[in-house]
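The values are calculated or read from the model by the stated rules, or taken from the named source; none is laboratory data. Since the model is a prediction, treat every value here as computed from it, not as a measurement. In this analysis, Cβ positions are derived from the backbone assuming ideal geometry, glycine residues included, and neighbour counts consider all displayed protein chains. Please note that ligands, DNA and RNA were not included when accessible areas were found on the heavy atoms of the full protein model with its side chains. Shrake-Rupley method; radii C 1.70, N 1.55, O 1.52, S 1.80 Å.
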Amino acid sequence: MPKKRYEHTLKFLQSVLPAPATILDLGIRNELSEILEAHGYKVYNTQGEDLDFDYANVNNYEVDAVTAFEIFEHLIAPFNVLNTIKASKLITTVPLKLWFASAYRSKTDKWDRHYHEFEDWQFDWLLEKSGWQIKKCEKWSSPVNKIGFRPILRRFTPRYYAVYAER
């Protein structure tokens, strides 16, 4: 996750859930987990289980909120885990579908593939249908330092969608 995305994610999280707070971050421990801890959050992570099948563990933690940064696009059925979460707050980011780029797919890592790249209304609908009420959302672009038509479009087209929701 590029540094700029970390900055946007941290700023959004701080605006809806100021530290100190305890969170369960869906996904394995990573650089963002360490950044969040450095900013006063207590972070638990899931252990790499396939959340399409094994999502019961998301309720094994006493937390102020569940976070999922760039996770739901990898799941075939994100509704299941979203519907199961018992925490009252959810902070999540997903990549938005870009009309000028295909969904991301690693040819070497089966976990690094996007089944979904959402339009904002699709993700909102998924959250609402699984029992969440959206309280705040924000979008940002993801510029790349390359030359070409798509890199120019990436400077102006929102790529990431952040949502804070409550039950």
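Structure notes:
- Amide proton proximity set for Lys42, modelled H, under 5 Å, gap of 5+: Ala21, Thr22, Ile23
- Residue-normalised accessible area of the chain, expressed per residue, 1.4 Å probe, Å²: 56 Å²
- Helix-only mean residue ellipticity at 222 nm for the chain, each DSSP H run of n ≥ 4 adding -39500 (n - 2.57), per residue, nearest 500: -8000 deg cm²/dmol
- The chain, Rg to Rh (Cα coordinates; Rh as Kirkwood inverse mean 1/r): 0.95
- The stretch 1-80 - percent of accessible surface contributed by carbon and sulfur, probe 1.4 Å: 52 percent
- In this structure, the residue pairs whose Cα-Cα separation is over 25 Å, taken from Lys107/Lys136; Lys4/Lys129; Lys4/Lys146; Lys97/Lys129, are Lys107/Lys136; Lys4/Lys129.
- Order by protection proxy (mean Cβ within 10 Å, highest first), peptides 24-34, 87-97: 87-97, 24-34
- Scattering curve values for the stretch 20-74, log₁₀ I(q)/I(0), Debye with Cα scatterers, q = 0.25 Å⁻¹: -1.03
- For Cys137, neighbours were defined as the other residues whose beta-carbon sits under 9 Å from its Cβ, and their charges (Lys and Arg +1, Asp and Glu -1) total 0.
- Net charge, Ala87 excluded, C-beta distance under 10 Å - Lys, Arg +1, Asp, Glu -1: 0
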